[in-house]
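Read the structure below first, then the notes.
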Amino acid sequence: MDSCNCVEPQWPVDDLLMRYQYISDFFIALAYFSIPLELIYFVKKSSIFPYRWVLVQFGAFIVLCGATHFINLWTYTAHSRAVAVVLTVAKIFTAVVSCATALMLVHIIPDLLSVKTRELFLKNKAAELDREMGLIRTQEETGRHVRMLTHEIRSTLDKNTILKTTLVELGKTLALEECNLWMPTREGQDLQLSHTLRQSDTGPVTVPIHHTTIKQVFSSNRAVVISPNSPVCISRLRQGKYTIGDVVAVRVPLLHWKNFHSGDWPDMGKRPFALLVLMLPSDSARRWHVYELELVEVVADQVAVALSHAAILEESMEARDLLMEQNVQLDNARREAETAICARNDFLAVMNHEMRTPMHAIIALSSLLQETELTPEQRYMVDTVLKSSNLLATLINDVLDLSRLEDGSLELDMNTFKLPQVLKDVVNLVKPITSLKKLQVLLNLSPEIPEFVVGDEKRLMQTALNVVGNAVKFTKEGSISIKVCLERPDYPMDPLMLEFHPVQGEHHRYIRVEVRDTGVGLNPQDIPKLFNKFLQADSTTTRNYGGTGLGLAICKRFVNLMDGHIWVESEGFGKGTLVTFIVKLGLPEKINELDRHMTTAVQPSHQRTDFSGVRILVTDDNGVNRMVTRGLLMRLGCEVTVVSSGRECLQAISQPGQFFKVLLLDVCMPEMDGYEVAIRIQEKFARHERPLLVALTANTDRATRERCLSLGMDRVILKPISLEKMRVVLTELLD
């Protein structure tokens, strides 16, 4: 045999050892060949795609190792040279792959470990998410039950319906065996069983509010698990039940609007509570879960809100009924007051007209008598009659003004006038009396006061005249000083009215008038009485000086209408008096020559004394008034024609050749009043063809005057009329 074909073993080996190694290499080769199969399966199932090539490399290494051990099976016998070469090459490749695989595994193993760690972390997170999703689902379920219960509870505002609905819905939702509600008694010392889920008639059952279980529940705002043997669980049905279910109790706040304070919640110590008790079924392994306790707490709060709404609604309904009853009473009282005011106004209107009619006759005839030749005794009596009549007319005006001031119907008549001239006229009016009493009157007009102002000239003059007249009346000797200036912040104010702070403006001025006298003075304690109507500071004043006590009361209201203030100061009897009043007067935007002419009063020196040739038609339904007015006009030299009705007036004017310069027209006449006569004259005659229309009225209200002027009448004369007043009116009218 050729040496290449037969190679003898180079080292002898024991037969037993050779057999053992032979068997071992055989099984190792099988194990190596099984590993690639497992790796192939792992590669297909594995999600670690970036590392598949590493597994393939490792599989190749295993295959080569297995092939080497398998080839070793032929090394224990003689083999050819080709087998030896293959075996050597296989071992060389196995060594190379083993080194490469070892080097790669050094880098791959940490990544494989981190992947495994991340996988475990993700599994834990997934488990936590599952638990959270379970909680979310539980909360959603709880929320759904809460919304359902809240909708059912708040579907009504009746207390009993709310409580019964709560028990029924809780029983359905939580599968309760029993549920009951304990309400506090009126005294607040006990809890009384008011509503139950299963039992309809339990009778009056009470539990002391100071019981340990109740105090424990009331001291917490959470649901509390209590003993099933508690006295608040007496409504449970226990027939044939061996295991008692768990019991939970929760407090229900009872809120009313009376418990709330401004800007704060009610005091927790004073809030009453009801007790809601919920019982799980007996002979059951159920226990209260956290979400169920939360559901009970939320429902208790919702019941508290619903009960508070129901209580507030009930109380508001009671308040509404009471308010409606009070409104009915107030409406009846208002109607009665309006009826009384209307009756009073009607009475005053009638009395005003009826009283001014004879007053007109008395004053007019007395003024006519003054123009005749009289003996000194007769003249004294006539002067006394005329003076008394003027005082009575003033009293009538004061009563009417006070009545309109009290019912709010009096409004200021705003016009542009000369302020200094008004104050000078006041001084001129009291001069005859001051001359008789030998009193000195000083008028100090500050140069800073405006000449023209906008306001109610008549009311301002009436106020100033009343204050100055009181100073003249209560001063026997000495002087009276009148100071008029603009109000300033540094001037003294009324100590009882410190909140009054007049501020000068661009379009208005505050005028300060101070009237100081050296008269009898006043007791400072009696000063507040001065501005009360029909009252005087001293009862002896009326007896010694006369008066009605209306003057200052009316002045105060006039000053208030002019956004001002009036007050009196005196240091005591015999020390004189200081009366101060402040009024707000507007400033005219522009003064033209017409305003200056209209605001300039007719001076006595420029008054006409002879009205010869002036034809005047007098229309009045009262015979005495016709006779008196005719006498006044004839005394002034007028040619007078009198008629007794509106129709006669229209007939007299319509006669051919009859042209009257002035028509004196009484506005209150039967059948056709003065307003209708004026309208027909306006329709029939042009402005230059008709006579001057002068309204005669006893009504002192502003509405009558405005109506007369709006109908085109040229002047309004208020009764009673004296000879001097008629002379002034005709002079102004004809000039």
Scanning segment 497-514 for residues that are hydrophobic (A, V, I, L, M, F, W, C) and part of a loop (DSSP other than H, G, I, E, B), the one surrounded by the most Cβ atoms within 10 Å (Cβ to Cβ) turns out to be Phe500
Picking from Asp517, Asp494, the residue that is at pLDDT 90 or above, open to solvent by less than 30 Å² (accessible area, probe 1.4 Å) and not hydroxyl-bearing (Ser, Thr, Tyr) would be Asp517
Scanning segment 303-332 residue by residue, the ones that are modelled with pLDDT of 90 or more and in contact with a helix residue (DSSP H, G or I) (Cβ under 8 Å, 6 or more places away or on another chain) total 0
Taking segment 720-731 and the residues there that are farther than 28 Å from Gln655 by Cβ, out of contact with any Ser or Thr (no Cβ under 6 Å at 6 or more places or on another chain) and in contact (Cβ under 8 Å) with a residue 40 or more places away in the chain, the one that is least open to solvent (accessible area, probe 1.4 Å) would be Thr731
The lone condition Ala285 fails out of (1) among the small types (Gly, Ala, Ser); (2) closer than 30 Å to Arg137 by Cβ; (3) surrounded by 12 or more Cβ atoms within 10 Å (Cβ to Cβ) is (3)
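Kindly provide the set of residues from segment 622-652 that are part of a loop (DSSP other than H, G, I, E, B) and either aromatic (Phe, Trp, Tyr) or open to solvent by less than 40 Å² (accessible area, probe 1.4 Å) (or both), ordered by number.
Of segment 622-652, the ones part of a loop (DSSP other than H, G, I, E, B) are 622, 636-638, 644-645.
Scanning segment 622-652 gives Leu636, Gly637, Cys638, Ser645.
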Contact list, first residue from segment 691-707 and under 14 Å from Asn397 (Cβ atoms), second anywhere and assigned to a helix (DSSP H, G or I), beta-carbon distance below 6 Å, six or more apart or interchain, is Thr697/Thr704; Ala698/Asn352; Ala698/His353; Ala698/Arg356; Thr700/Leu400
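Each row is one residue, and each column tells you yes or no for (1) in contact (Cβ under 8 Å) with a residue 24 or more places away in the chain; (2) aliphatic (A, V, I, L, M); (3) open to solvent by less than 70 Å² (accessible area, probe 1.4 Å).
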residue	(1), (2), (3)
Arg356	yes, no, yes
Ile363	yes, yes, yes
Ser367	yes, no, yes
Glu371	yes, no, no
Pro376	no, no, no
Met381	no, yes, no
Thr384	no, no, yes
Lys387	no, no, no
Val399	yes, yes, yes
Within segment 707-719, the residues that are touching a Leu at 6+ places or on another chain (Cβ under 9 Å) and either open to solvent by 20 Å² or more (accessible area, probe 1.4 Å) or of a type in the set (D, E, K, R) (or both) are Leu711, Gly712, Asp714, Arg715, Val716, Leu718, Lys719
Counting only residues in segment 455-468 that are more than 14 Å from Val513 (Cβ to Cβ) and crowded, with 19+ Cβ neighbours inside 10 Å, the one farthest from the chain's Cα centre (by Cα) is identified as Glu457
Conditions (1) surrounded by 14 or more Cβ atoms within 10 Å (Cβ to Cβ); (2) under 30 Å from Glu315 (Cα atoms); (3) modelled with pLDDT under 85 -> Ser235 fails only (2)
Checked against (1) among the β-branched types (Val, Ile, Thr); (2) modelled with pLDDT of 85 or more; (3) open to solvent by 30 Å² or more (accessible area, probe 1.4 Å), Thr600 satisfies every condition except (2)
inquiry  = Condition (residue is of a type outside the set (D, E, K, R), more than 20 Å from Gly551 (Cα to Cα) and either in contact with a Cys (Cβ under 6 Å, 6 or more places away or on another chain) or assigned to a strand (DSSP E or B) (or both)) applied to segment 472-479: is it met by at least one residue?
reply    = yes
Restricted to segment 653-662 and to residues being over 60 Å from the mean Cα position of the chain (by Cα) and open to solvent by less than 90 Å² (accessible area, probe 1.4 Å), the residue nearest to Leu723 (Cα to Cα) is Phe660
Here the residues within segment 663-695 that are assigned to a strand (DSSP E or B) and over 50 Å from the mean Cα position of the chain (by Cα) are Leu663, Leu664, Leu665, Asp666, Leu692, Leu693, Val694
Taking first residues from segment 166-183 that are of a type in the set (Asp, Glu) and second residues anywhere that are open to solvent by 10 Å² or more (accessible area, probe 1.4 Å), the pairs with Cβ under 6 Å that are 6 or more apart or on different chains are Glu169/Glu152; Glu177/Pro281; Glu178/Leu197; Glu178/Arg198; Glu178/Arg236
Per the list (1) of a type in the set (Val, Ile, Thr); (2) open to solvent by 10 Å² or more (accessible area, probe 1.4 Å); (3) over 28 Å from Ile396 (Cβ atoms), residue check on Ile681 breaks on (2)
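The values are calculated or read from the model by the stated rules, or taken from the named source; none is laboratory data. It should be emphasised that the depicted structure is a prediction, and the values quoted were computed from it without experimental measurement. Ideal geometry is used to build each Cβ from the backbone, glycine not excepted, and the neighbour counts take in all protein chains shown. Keep in mind that these areas ignore ligands, DNA and RNA; they rest on the heavy atoms of the full protein, side chains included. Shrake-Rupley method; radii C 1.70, N 1.55, O 1.52, S 1.80 Å.
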